[in-house]
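Taking it in order: structure first as structure tokens, then the write-up.
The values are calculated or read from the model by the stated rules, or taken from the named source; none is laboratory data. Just so it is clear, the model here is predicted, and its values are computed rather than measured. A quick note on method: Cβ atoms are made from the backbone with ideal geometry, for glycine too, and the neighbour counts reach across all protein chains shown.
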Amino acid sequence: MKPDRLLLLAVAIVVLFYGVVYPNAAVVIASFQRAGSWTLANYTEILSQQVVIEAIAGSLGLSIATVALCALVGVPLAFLFERFTFPGRRLFAAIAALPLVLPPLVGAVAFIFLFGETGILAHSIQNLLGLQNAPWRLAGWPALLLFHTYTMYPFFYVLTGAGLRRIDASLAEAARSLGGSRTFVFTRVLVPQLTPSLIAAALLTFMTSMASFSAPLLFGGNVRVLTLEIFTARQRGDVMVAVTQTVVLAVISLAALVVFQRYEGTRKFAAATMKGAPRRRVTIATGKARLLAAIAAVVFAIILVSPVATLILVSFAREGSWTTQTLPSAYTLANYQRLFGDPFAAEVFYNSFSMSAIAAAAALLWSFCVVTLLVGRDRGKPAFLGRSGRRLLSLLILIPWALPGTVVAVSVAEAYGQPSLLLGSFVLVGTFWILPVVYFLRFMPLVVRALQASMEQVDPALAEAAGSLGARAWQRFARVTLPLVWPGAVAGTLLAFVIALGEYVASVLVFVPANRPISIAIASELRDFNLGAAAAYGVVLVVIISISMVIAGRLEKLR
Amino acid sequence: MALLSLQNISRNFGPTRAVADVSLDVAQGEFFGLLGPSGCGKTTTLRMIAGLEKPDSGSIRFQDADITNLPPERRGFGMVFQNYALFPHLNVFENVAFGLRARHASKAEMNERVRSALELVQLPGYEKRAIDELSGGQQQRVAIARVIAIEPVLLLFDEPLSNLDVSLREETRGELRELVTRLGLTAVYVTHDQEEAFALCDRISVMVGGKLMQTGKPRELYDEPSDIAVARFLGRNNLIRAMRLSSSKTSDGEFKTLDGEHTLHVPVTRDDLAPLNKPVVLAIRPEHVQVSSNNQSAPNSLRGTVREIVFAGATSLVRVDAGGLLLEALVLQPDGLRVDEKCTVILRPDKLRLLKQG
């Protein structure tokens, strides 16, 4: 074993033990203990409560219904936009993944402004029809499902689209030439090849939906979900109930992860690497279908953009100018002036930026450390870690990604909420550092995966060629590997950074006055009915995210 | 004294034996070929010479020093990869200069050596080009320039021409050989293409199933394959199963074929190769099988029926069934021969070879 790799392994073991193994073990242990002795009482107690059963059923039901609805919307859209070409196609395709980068809290706020009972849509219908009251209330199941479908359908759209692109067109051509009808080819060739993509999308949607917190909090109505129950239990100081429910939520999410990993491994396509017939999009030429498709593209594009447009509109609204009117009646820059002038707002931005930057930078360093262990770069030599060692390492890295933010925050709080053997007298909870740590744990898997993907694309022959030309190990890394993988690594880091910037789910559980992030400020502005200010915060986040995404996209193309 | 010497090299990948007990010597200035079907272990052998793989057992010596455990960057060999492995983020100049930078060469020396290397491969003026702007043949030349620039003590080629189309491959082949000879370099060249190996190499080792079967000059290998595997791999061969008769003498072996029960005379030079009353295999190349429509009497002439005539341009392949013994003959003009008609086949005794049992 080389000493440098041994050092990396030691770092990886320490970080994963402190960050993943110990906190999660602490929660599990705590859930089986009461007053220092082992017991199942916590489980028997909470599972006999009607509200807890309702919350479990609510989370599962919401997630399953979300998966179904997202598939129903995302898969046909992917077929339409991947297989055909028509006016308006590019418009929609360019913004199709927009909801994925919208922070859930900002999205939920925008939904309230647009679809809420005092929102633009309800107002316009009320005024149009001269109704006394709002035509609907944005609450409960319909509201949650609408929001979830909007924010999570891109999983299906993007993954199905990618699956369709990957399928070699010559396979379908071969099937047709062997006498298969269109439907036969569809069911026997296309669908089986798409199945892994569809399952991956379903599991991603399921896990995201299980973790959903902002929407149930803001307009869940009387729908009970686990994330919200854990939050309220912690707020009222009922640690046992919070911890036990956290374990239940974690088990469900990890079960989904296990299935997800299984299917991800099978995502192999026989023809993917071979030269295939280029797939051409079919042009919809006939008048009616072409018109319908174009209308669909425009309508969906408008639906996608309108929450963000609403957010921008409201961010310019003068406080108190938007009560019963359809649209705010007076506009001002005051909200933004406050954002950039107010010392309180400046502090909030500073907090979010510094904490996200710390977490992202740490994640970048960390990813180089673990990817070196995960990717067997030297073909000739035996891999540093055996197959099972690498599998365990990547599983441990993925766990915080699969766990809902609620679970990560609760487990870190439970593990480091009092003096412990691991940290001595240092108590992490209550300090500035709790949030950078939680952000790092939640988003480092993204960076690791991005770097790993870049690393695996680098032909191992390049490092070998460099070696045989006389380059030492560090020269091979600095001159060949690093120049080829840095765009991917930086793009992943940027993504982790902007997601951390808008993080709410975990922040709301463990923030302290010293590190109030942007999301907490948005929520408190909303509570005080400072709608314009809340919207302005959201718009600033969206702008930063969009710029970062453009940069990340450019970086990806650099490769 | 050999420049490079492999001694009893073995390498396993899990349960598979990729390279089994291979020993070979390469002399200074020699163009040495490793030839074999895909998966025979030739590339693994080359990678062990380069230092990219470590043998499980055995040793590698270069200029009489043991280099078995020397890392690749300290061997000073130049390797040309099958897919060229050009650095996509560097331009032509930087690719060729890569090994010189790793050696901290001075700027002037670097410029000079890159320029002369590019001149040698006939790509002067391409310094600023990006790799993906080059054609396959040009990329191949850059890959060669890149190793020549470091003035390697040994050149290693891993099927460097397999990604080029046929006409370019033949042209590059000639240039490659000419370049290596002019620079007085020693080369080890891995290929599965027998014609390529014959055209390029001074000596060739044939590898099959991880083992070194036979080493020799191209002509020797072709004319005198030592065993069935080599005879099968190098061009077409008629393999005839036969039994040595007890009536045969030491110099004039008499064999009875298992198919058709013909008696064949083969001069036996090494007695131990043909034990009495044991099945052996005789080989004769199709171009040494004579077929004619009229009845001829000559040693080893058999009567048969023409089964098929395949026209292949300059020559034709004639398939003959001689009483159950199926033979292929390569003839210039299949005049007078007709499918399903009788013919005479002559297997010249001096062209029949007795093969080692593989």
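See the values below:
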read-out	value
In region B:158-173, the residues that are in a loop (DSSP other than H, G, I, E, B) and in contact (Cβ under 8 Å) with a residue 60 or more places away in the chain	B:GLU159, B:PRO160, B:SER162, B:ASN163
Where A:GLY417 falls short, out of the listed (1) in contact with a helix residue (DSSP H, G or I) (Cβ under 7 Å, 6 or more places away or on another chain); (2) in a loop (DSSP other than H, G, I, E, B); (3) surrounded by 15 or more Cβ atoms within 10 Å (Cβ to Cβ)	(1)
Hey, B:LEU52 of a type in the set (A, V, I, L, M) and more than 22 Å from the chain's Cα centre (by Cα) or not	yes
Complete set of residues in region A:457-498 that are touching a residue at least 60 places away in the same chain (Cβ under 8 Å) and either among the small types (Gly, Ala, Ser) or out of contact with any Lys or Arg (no Cβ under 8 Å at 6 or more places or on another chain) (or both)	A:ALA463, A:GLY488, A:ALA489, A:VAL490, A:ALA491, A:GLY492, A:THR493, A:LEU494, A:ALA496, A:PHE497, A:VAL498
Filter result (touching a Pro at 6+ places or on another chain (Cβ under 9 Å) and of a type in the set (S, T, N, Q)) within region A:319-366	A:SER321, A:ASN351, A:SER352, A:SER354, A:SER356
Residue within region A:401-408 that is in a helix (DSSP H, G or I) and farther than 19 Å from A:LEU254 by Cα present	no
Selection status of B:GLY14, within 14 Å of chain A (Cβ to nearest Cβ) and over 23 Å from B:VAL147 (Cα atoms)	yes
Lone qualifier among B:PHE87, B:PHE93, B:PHE98 - being hydrophobic (A, V, I, L, M, F, W, C) and closer than 17 Å to B:LEU156 by Cβ	B:PHE98
Filter result (facing another protein chain (nearest Cβ under 7 Å) and not in a helix (DSSP H, G or I)) within region A:457-473	A:ASP459, A:LEU469, A:GLY470, A:ALA471, A:ARG472
Matching residues in region A:417-433 - criterion: being more than 30 Å from A:VAL498 (Cα to Cα) and either under 27 Å from the mean Cα position of the chain (by Cα) or touching a residue at least 60 places away in the same chain (Cβ under 8 Å) (or both)	A:LEU422
Tally, over region A:217-233, of residues that are buried (at least 24 other Cβ atoms within 10 Å of the Cβ) and closer than 16 Å to A:GLU503 by Cα	1
Any hit, region A:434-456, residues being within 14 Å of chain B (Cβ to nearest Cβ), without any contact (Cβ under 8 Å) to a residue 24 or more places away in the chain and either assigned to a helix (DSSP H, G or I) or farther than 30 Å from A:VAL410 by Cβ (or both)	no
Residue list for region B:108-120, filter: under 29 Å from A:LEU558 (Cβ atoms) and either surrounded by 17 or more Cβ atoms within 10 Å (Cβ to Cβ) or in contact with an Asp or Glu (Cβ under 9 Å, 6 or more places away or on another chain) (or both)	B:MET110, B:VAL114, B:ALA117, B:LEU118
Yes/no for B:GLY324 being surrounded by fewer than 16 Cβ atoms within 10 Å (Cβ to Cβ), among the small types (Gly, Ala, Ser) and touching a Gly at 6+ places or on another chain (Cβ under 6 Å)	yes
Which listed residue, of B:ASP132, B:ASP56, B:ASP66, is surrounded by fewer than 15 Cβ atoms within 10 Å (Cβ to Cβ) and modelled with pLDDT under 90	B:ASP132
The one condition in (1) within 27 Å of B:LYS217 (Cα to Cα); (2) of a type outside the set (Asp, Glu); (3) buried (at least 23 other Cβ atoms within 10 Å of the Cβ); (4) within 14 Å of chain A (Cβ to nearest Cβ) that B:LEU34 fails to fulfil	(4)
Test for B:GLY78: is it in the same structural domain as B:LEU200 (by TED's automatic domain parsing), of a type in the set (Gly, Ala, Ser) and crowded, with 17+ Cβ neighbours inside 10 Å	yes
Extreme residue, modelled with the lowest pLDDT, among residues of region A:231-271 that are part of a helix (DSSP H, G or I) and of a type in the set (Gly, Ala, Ser)	A:GLY265
Among the candidates A:VAL11, A:VAL27, A:VAL67, residue that is outside the structural domain of A:LEU374 (by TED's automatic domain parsing) and assigned to a helix (DSSP H, G or I)	A:VAL67
Subset of region B:174-192 [charged (D, E, K, R) and surrounded by 16 or more Cβ atoms within 10 Å (Cβ to Cβ)]	B:ARG177
Matching residues in region A:57-89 - criterion: being surrounded by fewer than 20 Cβ atoms within 10 Å (Cβ to Cβ) and more than 18 Å from A:TYR153 (Cα to Cα)	A:ALA57, A:ARG83, A:PHE84, A:THR85, A:PRO87, A:GLY88
Any strands (runs of 3 or more DSSP E) falling wholly within region B:279-319 and containing at least 1 residues that are among the β-branched types (Val, Ile, Thr) and in contact with a helix residue (DSSP H, G or I) (Cβ under 7 Å, 6 or more places away or on another chain)	B:279-284
Residue within region A:502-525 that is in a helix (DSSP H, G or I) and within 14 Å of chain B (Cβ to nearest Cβ) present	no
Members of region B:58-77 that are under 26 Å from the mean Cα position of the chain (by Cα) and either facing another protein chain (nearest Cβ under 7 Å) or among the small types (Gly, Ala, Ser) (or both)	B:GLY58, B:SER59, B:PRO72, B:GLY76, B:PHE77
